[in-house]
1. Can you run phi through the Karplus equation (6.51, -1.76, 1.60; θ = phi - 60°) for the stretch 38-43 and list ³J(HN,Hα) in whole Hz, with x for Gly and Pro?
2. Using square roots of five times the C-alpha gyration tensor eigenvalues, list the equivalent-ellipsoid semi-axes of the stretch 345-413 in whole Å, biggest first.
3. In whole Hz, with x marking every Gly and Pro, tabulate ³J(HN,Hα) for the stretch 453-467 from phi via Karplus 6.51 cos²θ - 1.76 cosθ + 1.60, θ = phi - 60°.
4. Going highest first, how would you order 228-236, 179-187 by mean Cβ packing within 10 Å?
5. If you put +1 on each Lys and Arg Cβ and -1 on each Asp and Glu Cβ, how big is the dipole of the stretch 288-414 around its Cα centre, in Debye rounded to 20?
6. What residues have an amide H closer than 5 Å to that of CYS397, excluding those fewer than 5 places away on the same chain, when H is modeled at 1.01 Å from N in the peptide plane?
7. Quote to one decimal, in nm, the extra length available between ASP424 and SER384 on full extension: 0.36 nm per residue of separation minus the C-alpha distance between them.
8. With a 1.4 Å probe and every protein chain left in place, tell me how much accessible area VAL176 has, in Å² to the nearest 10.
Amino acid sequence: ARNRRSISMSNNQAIEARTKAILREKDSHIAQLQKEVAALTNKLAKQHKLLQNYNANGNAVSHSSSSSGGGVINHTPKRRHQLSPFGNVVHSSSDSDYGTLKHERSRMGRNASIATANELNTLYYKEETRHNSNKEIVHRILEMFQDPKSHISYLRSMDFAKDILRLSKKIKAILVSEPRVAFVQSPAYVFGDIHGNLEDLHFFSDNVWRLGMALTAGNFVFLGDYVDRGMSCLECIAYLFSMKLLLPHKVFLLRGNHETRDVNGWEEHYGERSFLWQCRQRFGDDIGFKVWNTINDAFDRMPLASVIDQDIFCVHGGIPRPVTANEDGTYGSRVQDIMNVPRVAGINPPLEFEDEKHQQVASDCIWSDPASEEQELKSVDPESGYGESLRGGGAICFGHKAVKDFLSQHGFSYIMRAHEAHADGVAVSKGGKVFTIFSTSKDHNQGREAMAGCILVDFENLQVINRSPAYKNVYVHRRDSVSIAKLSEQEIEDRTRLGLITESTSHDNGDDSEEEETWESYDEDEESSEDEHYTFSGRKSSVDPTHCISSPPGHGMGGSFDFSNVTSNRNKSQRDLQRISEDDEDTLLDDDSMDL
């Protein structure tokens, strides 16, 4: 009887905890919707006031043209421009062999009047307080990114693990406050899959934002798939998280299918190119799993789509199937369907409060592909425009009709997505309406002539930017490259472990006792302790990654994987849930734990 009472109390506590988590999520969603309603109300009031002024004065929103003598209506919305007390001094990096540029902040107004100096000082203390709270972590990450070969000891240290944990918690708070669809203005650079490719990410850094993202005009939209396949996943995600922390309203990180636990934790399939494997290999099993889980906790909060200039729809995979209908029988807004996806979503696997309808919407966003011409003829439903993807596993494809209906419904002109490897970097399909962007030239069997691309949305113009195959590698080299001929065997081994030298299977077990002693100095009390705890539902996802091939046949790595060692979906689900359950008991519920 005592055991039954104990079990009953335990079940009641579990039910109560799940109920509280769901209520917290709903309250957060309601609060965010209230903020959005208030913002839209204010915007509508401003527009109404402008219209009244225009009707009263005839030309209140126009500016005079001295050359023509007539009034020209200016439809550009007014923006508020924040004065900064800092300037930026640009100089060449003295500690790098690659001619990189650096910029340092410098105080302005040294010779200003007393009134101006007082105003700048007030701004200085406000901005410096915000800047200092993130400065140390971001500085270490950026120094590492600019010259990784000089920071090998840091990349293998517990200091790097601590920085990633702190960084991920800060990013988690930023991402959960963003809507599931980010609305962006041009100019904007749009990037596809990165997949842990440090070399190509450096190409964009050295050429697209050479002075840094902060001093480069425009916004930056990344379409997901930051990890897996490449050997520098930790370095790439640390850099992108740092940029998001520094520039939360300028850098937008969308979610791809590899930003889910079922995919980036699939060690049986990806081996040493799995994100989980790299975390465990770098930091040991316990701390490595903690780092992996913490980063995935941030992934769970990433937006699923973005809209540029109310004209270009950006997403990792493709357009979702409609799940809501209007009273007249027409489909509801797909953008609104995405907005209604919970702010925290596991997707693969789903969390307990994710309903099947919105879990399908999220899965379609990160998994779907444009239909091939053969699929258009044989498998795409002529009424809906959707069909089964060649990937299998429940993933879908979208045809000409689906694209046309989606663009027409929302008044958009183009769809920009990633998810498929293309040797040309950028590919166009569906009558020139769908762009597929791939921003890594490696690890997808595209050959030595493959390019990494991005698109610049420059107001009315679309510009494709590609990395030439002849562009010289600077940071990552093959083992037989003459660039590493003068390195010692120990230096080669150290760089191989970090993915800076490829085509090696070396492993580094490290000194567990030394790492554990170093790890004890990490204190998470400085971070927020009010994080929610979420539980996985245990039910199947709309898309089953274990039954999906990496790319549709004819694209990238579609037929190149050996599936003979892949576990069944049932075994994999049991493995994931069992591991989470064990960690709940031992690690994830302690003070240093990462929340699910």
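The values are calculated or read from the model by the stated rules, or taken from the named source; none is laboratory data. All values reported here derive from a predicted model rather than from experimental measurement. Methodologically, a virtual Cβ is constructed for each residue, glycine included, from the backbone with ideal geometry; neighbour enumeration extends over all protein chains shown. These accessible areas exclude ligands, DNA and RNA; they are computed on the full protein's heavy atoms, side chains included. Shrake-Rupley method; radii C 1.70, N 1.55, O 1.52, S 1.80 Å.
1. Whole-Hz 3J(HN,Hα) from phi for the stretch 38-43: 5, 5, 5, 4, 5, 5.
2. Ellipsoid half-lengths, sorted descending, are 24, 16, 9 Å.
3. Calculated HN-Hα couplings, in order: x, 8, 10, 9, 8, 9, 6, 7, 10, 10, 10, 8, 10, 10, 8 Hz.
4. Per-residue mean Cβ counts within 10 Å order the peptides as 228-236, 179-187.
5. Dipole magnitude for the stretch 288-414 comes out near 360 debye.
6. Excluding prolines and chain starts, which carry no amide H, the hits are ASP369, GLY387, GLU388, SER389.
7. Working it through step by step, the gained length comes to 11.4 nm.
8. The accessible area of VAL176 comes to roughly 40 Å².
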